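For reference, the structure is listed below as structure tokens.
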Amino acid sequence: MSKAITTRQEDYAQWYNDLILRGGLADYSAVRGCMVIKPYGFALWENMRDELDRMFKETGHQNAYFPLFVPKSLFEAEEKNAEGFAKECAVVTHYRLKTDPNNKGKLIVDPEAKLEEELVVRPTSEAIIWNTYKDWIQSYRDLPILVNQWANVVRWEMRTRLFLRTAEFLWQEGHTAHATAEEAIEETTKMLDVYAHFVEEYMAVPVIKGVKSPAERFAGAEDTYCIEALMQDGKALQAGTSHFLGQNFAKAFEVKYLTKENKQEYVWATSWG
């Protein structure tokens, strides 16, 4: 006979885990902090993804895909962003294994296959994307850029919980470039409204919209707008964020555009996920 589901009153966190496992949504994996999303759980993800994807496209966004790996020199270009994520980064240092000469049938990292520059497994994609936007943007005619990416990211968390926080997780991240601060702020609030509409109208979860305190702000942002949901144990759960990045990433990666008045100006940015 299978184990009974723990009650919320007895142990709220265990009740949640029991529901995920017994409901066939996900399972633990052999990789520390990473989970297996089972077919039923993945079908729910697909339904959510498809609905959000439709909303993104209705608001003028297009999907693209950027590399999983970010060269360390690019990652550290925006200092606040790098500092904010540094402790959560998985880093690739070598590109090859070889047979262990002292242990038949076992493998070791080939010391001669060390990368010239370490690669960060993306915890978020601002660095690689803004380094790319530098080549895409020359004048005001190239703006705005309204791009979304469906991807996986890695944040090496010490304490993980199925779906709520795992070392690798699926998400989407929007990255947009604008000619003015006003346009970028309008984009930031618009996408927060999209998130709120999705969570409340499609997921039936009420949320509170607001602005994060400076201490809780996304690393590298000027302002972080968020939706917060209230869990049944009385704790708040961040359910979506939209960031006004100002010109921080444009300055870090020298992304400028020629205005209608033939002046060089830095681009204004947002990201949301």
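Numerical summary
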| item | result |
| --- | --- |
| Solvent exposure ordering (accessible area, 1.4 Å, most first) of Trp272, Trp156, Trp171 | Trp156, Trp171, Trp272 |
| Residue among Gln238, Val120, Ala179 farthest towards the positive dipole end of the chain, charges placed on Cβ | Val120 |
| For Rg and Dmax of the Cα atoms in Å, calculated from these coordinates, the label among [x] 21.0, 71; [y] 21.1, 75; [z] 24.1, 81 | [y] |
| Dipole magnitude (debye, nearest 20) for the chain, charges at Cβ of Lys, Arg, Asp, Glu | 840 debye |
| Gaussian network model of the chain, Cα within-10 Å springs - most flexible of Pro67, Pro144, Pro111 | Pro111 |
| Cα gyration tensor category, rounded, prolate or oblate, for region 106-213 with a/c compared to 1.5 | oblate |
| Ranking by accessible area, most exposed first, for Arg49, Arg54, Arg8 with a 1.4 Å probe | Arg8, Arg54, Arg49 |
| Computed FRET value (nearest 0.05) for Asp110 with Met158, which takes r as the C-beta separation and R₀ as 22 Å | 0.15 |
| Label point at Ser73 placed 7 Å out along Cα→Cβ; residues across region 245-261 whose backbone nitrogen lies under 15 Å | 253-254 |
| Asp233, Asp53, reordered so the largest accessible area comes first (probe 1.4 Å) | Asp233, Asp53 |
| Computed accessible area, Lys80, all protein chains, 1.4 angstrom probe, square angstrom | 130 Å² |
| GNM result for the chain, Cα springs below 10 Å: residue of Met203, Met48, Met35 fluctuating most strongly | Met203 |
| Karplus-derived 3J(HN,Hα), 6.51/-1.76/1.60, for each residue of region 257-273, Hz, glycine and proline x | 9, 8, 6, 4, 8, 6, 10, 7, 10, 6, 6, 9, 10, 9, 8, 7, x |
| FRET E, pair Asn262, Asp53, Förster distance 41 Å, beta-carbon r, rounded to 0.05 | 0.60 |
| Over the chain: helical MRE at 222 nm, DSSP H runs n ≥ 4 each giving -39500 (n - 2.57), nearest 500 | -8000 deg cm²/dmol |
| Net charge of Cβ neighbours under 11 Å - reference Gly60; Lys, Arg +1; Asp, Glu -1 | 0 |
| Ile20 accessible area, 1.4 Å probe, all protein chains in place, Å² to nearest 10 | 10 Å² |
| The chain - percent relative contact order, Cα under 8 Å, separation 6 or more | 17 percent |
| Rounded accessible area per residue of the chain, 1.4 Å, Å² | 57 Å² |
| Highest-MSF residue in the chain out of Gln247, Gln149, Gln62 [GNM, Cα springs under 10 Å] | Gln62 |
| Entries of Lys3/Lys38; Lys3/Lys212; Lys38/Lys209; Lys72/Lys260 with Cα pairs more than 30 Å apart | Lys3/Lys212; Lys38/Lys209; Lys72/Lys260 |
| Apportionment of accessible area to carbon and sulfur, the chain, percent (1.4 Å) | 53 percent |
| Global form of region 51-132, assessed from the alpha-carbon gyration tensor, a/c cut-off 1.5 | prolate |
| Between region 215-273 and region 32-58, the alpha-carbon center distance in angstrom | 24 Å |
| Rounded accessible area of Leu25 (nearest 10 Å², 1.4 Å probe) | 30 Å² |
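The values are calculated or read from the model by the stated rules, or taken from the named source; none is laboratory data. Please read these numbers as outputs of a predicted model, since none were measured by experiment. Glycine gets a Cβ as well: all are built from the backbone with ideal geometry, and neighbour counts include every protein chain shown. These accessible areas exclude ligands, DNA and RNA; they are computed on the full protein's heavy atoms, side chains included. Shrake-Rupley method; radii C 1.70, N 1.55, O 1.52, S 1.80 Å.
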